[in-house]
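The values are calculated or read from the model by the stated rules, or taken from the named source; none is laboratory data. Fair warning: this is a prediction, and the values are worked out from it, not measured in the lab. Here the Cβ positions follow ideal geometry from the backbone for every residue, glycine too, while neighbour counts run over all protein chains shown. Surface areas here come from the heavy atoms of the whole protein model, side chains and all, with no ligands, DNA or RNA. Shrake-Rupley method; radii C 1.70, N 1.55, O 1.52, S 1.80 Å.
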There are 2 protein chains.
Amino acid sequence: MSTYKVKAFGTQAPDADLKQMNIERRDVTSKDVEIEILYCGVCHSDLHTARNDWGGTVYPAVPGHEIVGRVTKVGNEVTKFKAGDLAAVGCMVDSCRTCESCKHDLEQYCLNGFTGTYNGKDKHSGTQTFGGYSEKVVVDEHFVLRVPENLDLPAVAPLLCAGITTWSPLRHWNTGESSKVAVVGLGGLGHMAIKLAKGLGAEVSLFTRTPGKTQDAKRLGADHIIISTDEAQMKPVKGKFDLIIDTVPYVHNINPYVTTLHHSGTLVLVGYLGDLTPMLNSAPMVSGRKSVAGSLIGGIAETQEMLDFCGEHHIVSDIEMIKMQDINTAYARMLKSDVKYRFVIDMTSLKN
Amino acid sequence: MSTYKVKAFGTQAPDADLKQMNIERRDVTSKDVEIEILYCGVCHSDLHTARNDWGGTVYPAVPGHEIVGRVTKVGNEVTKFKAGDLAAVGCMVDSCRTCESCKHDLEQYCLNGFTGTYNGKDKHSGTQTFGGYSEKVVVDEHFVLRVPENLDLPAVAPLLCAGITTWSPLRHWNTGESSKVAVVGLGGLGHMAIKLAKGLGAEVSLFTRTPGKTQDAKRLGADHIIISTDEAQMKPVKGKFDLIIDTVPYVHNINPYVTTLHHSGTLVLVGYLGDLTPMLNSAPMVSGRKSVAGSLIGGIAETQEMLDFCGEHHIVSDIEMIKMQDINTAYARMLKSDVKYRFVIDMTSLKN
């Protein structure tokens, strides 16, 4: 496999800062699309992977899976893209393509495991994949998305992870104009959940512990803000919601939210993987046919659907643009939730 | 309200045996159906209520909510029944009839609380309702079910609780011929879940810890039996099931069952109300869009649908008939799981 060097930003160890390095990209094969990366969103997963919070990080690690850019080259069998097109890449760059999940456009649930955009096992090179903190990326066209031309390009980047992660459960659980949707937590995922649920016509509420977020939540489209620590605000919403998108990324008590579900409603965890403590109590679930579920990003077809929907409804992320060289400071600020609502790296800064 | 006395079997205190007593039934009002009770199933809830295990029992308590019998009298506005008809009553005898749940035939999720067949608050008398361990019951026709004539009548009784409790989630989660359904636990609920899932055309597996139940489970219709304590049997079913009906009535670890769900599958708790301990882990739920849900009995229309289905498919419960006077012994045996699979009281024994 012939390769070439591109500049990237990555880390050599869990406790090391990210810094500039060179990585190899393959020359396009027949189905590949080469993309010059213009902007890359900064997801919490980037930070977790860089620091090996989940274990399994292979170093050097180059994060970034909210990628938008322009096609520079395509393989001779590529049909969806040509040089000059806008293009995007999200959390996956490959999957088995043959299992029952893949055949049903659910590559995120590939029974043989999808290939993550970074720290995945690259089928071409045999080593780990490198993400979007780099000049270019080369991806099979099946995993490359079309980008609506009418949207602000840097603000599109977070749609590729924060957007699809909230869009997929909204769609799977049939959110529409008669739906009452609540969002738990107002961060990168939460602010997208509000915008997308509102775009789908739902009545949208935000659960937050922070009264100071009220004004911003309304600006983003929330119809109601509920301070979850205030019993007087929680009581009136008991039994109200058809769907709750819980974006909180750390362990928290979900029982109070379950009581706010309508019968047959579902609370979907999209941010937290781990033991549910305090323990989930099944009594309100049984007595109201309520569900607690999880959901992981979304399939490629669904991601395209989401991007097209955002184009039609003029939905993008609220971002703060940074230079590649500011990434370590950005990580430190993310740990303090000091970002509204997503950092996006201007990748031209890597050329300097 | 004019009333009359009927013989019943009930208890005066949590630690007292059940014994014969007299209770009042109202004379039929315009919408009422009076039923001579021929058989009454014995549900675990009967025992829990008699002994005040859940708190809130009002004494004297007369259990029984798996009632079949023959109509003896109807009110002048009753249209569905006439004297001489077979009829059945399940877990509910009333609800508000006006809330959004009731309007959608989901009386079990009545927003104002349904009236339980026993230990409910009777809207007519203002006191507690008395269940089916009695000669007669008087119930608004909306809550009275038609019984297929072709079925063995005593074996129909358990359909009114054990049957509908498993039917409702099977239907809500769209069980059909392409479904892979697993049942956890082989008792009153579990044996009905196997029969009904099989009747709906699903491939049915039973999870049990007891190898001795294999033969009986196959006889009931299970295609596969999985000994849940045997890792070698659990591993091959990882990711297999679309729906798991978990009938276990005590605290147990559901995490091993969640791993056997197919992506987008649901585990439904129908037997256990309480904290989920060991703690439920959300990681496999997120990575496979899996749900953990609860479900409570079923609505009246759905109960009728289930009875009609059982008539068409010749499905009834496996029962052991007892006399009313044997109820205390039966409760003792139920606590040792010594019943295959439901006690049914021959109510003519109460006349003696």
Number of positions in region B:285-325 that are assigned to a loop (DSSP other than H, G, I, E, B), open to solvent by 30 Å² or more (accessible area, probe 1.4 Å) and within 14 Å of another protein chain (Cβ to nearest Cβ): 1
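Condition check ((1) over 23 Å from B:Met234 (Cα atoms); (2) open to solvent by 10 Å² or more (accessible area, probe 1.4 Å); (3) in the same structural domain as B:Val78 (by TED's automatic domain parsing)) across all residues:
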site	(1), (2), (3)
B:His142	yes, yes, yes
B:Leu151	yes, yes, yes
B:Ser168	yes, no, no
B:Asn174	yes, yes, no
B:Ser179	no, yes, no
B:Val184	no, no, no
B:Gly187	no, yes, no
B:Ala202	no, no, no
B:Phe207	no, no, no
Of residues in region B:9-30 being in contact with a helix residue (DSSP H, G or I) (Cβ under 9 Å, 6 or more places away or on another chain) and touching a residue at least 24 places away in the same chain (Cβ under 8 Å), the one surrounded by the most Cβ atoms within 10 Å (Cβ to Cβ): B:Phe9
Selection count where residues are assigned to a loop (DSSP other than H, G, I, E, B) and under 21 Å from B:Trp167 (Cα atoms), scope region B:215-239: 3
Hey, A:Ser282 without any contact (Cβ under 8 Å) to a residue 12 or more places away in the chain and surrounded by 19 or more Cβ atoms within 10 Å (Cβ to Cβ) or not: yes
Any hit, region A:254-266, residues being open to solvent by 60 Å² or more (accessible area, probe 1.4 Å), within 26 Å of the chain's Cα centre (by Cα) and at pLDDT 95 or above: no
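Does A:Gly221 qualify as being over 24 Å from B:Leu111 (Cα atoms), open to solvent by less than 20 Å² (accessible area, probe 1.4 Å) and assigned by TED's automatic domain parsing to the domain that holds A:His172?
Against the criterion (over 24 Å from B:Leu111 (Cα atoms), open to solvent by less than 20 Å² (accessible area, probe 1.4 Å) and assigned by TED's automatic domain parsing to the domain that holds A:His172), A:Gly221 qualifies.
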Hits in region B:31-54 - residues which are in a loop (DSSP other than H, G, I, E, B) and either touching a helix residue (DSSP H, G or I) at 6+ places or on another chain (Cβ under 8 Å) or open to solvent by less than 40 Å² (accessible area, probe 1.4 Å) (or both): B:Lys31, B:Val42, B:Cys43, B:Asp53, B:Trp54
From the options B:Asp85, B:Asp94, B:Asp122, residue that is touching a residue at least 60 places away in the same chain (Cβ under 8 Å), among the acidic types (Asp, Glu) and either open to solvent by 10 Å² or more (accessible area, probe 1.4 Å) or not assigned by TED's automatic domain parsing to the domain that holds B:Thr29 (or both): B:Asp85
Number of the exception - B:Val6 against (1) surrounded by fewer than 16 Cβ atoms within 10 Å (Cβ to Cβ); (2) outside any loop (DSSP other than H, G, I, E, B): (1)
Test: residue in region B:328-344 that is open to solvent by less than 10 Å² (accessible area, probe 1.4 Å) and either small (Gly, Ala, Ser) or closer than 20 Å to A:Ser287 by Cα (or both): yes
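So, in region A:97-114, how many residues would count as being closer than 28 Å to A:Thr11 by Cβ and open to solvent by less than 10 Å² (accessible area, probe 1.4 Å)?
Number of matching residues: 2.
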Scan of region A:243-284 for residues that are on the phi > 0 side of the Ramachandran plot and more than 7 Å from chain B (Cβ to nearest Cβ), ordered by number: A:Ser264
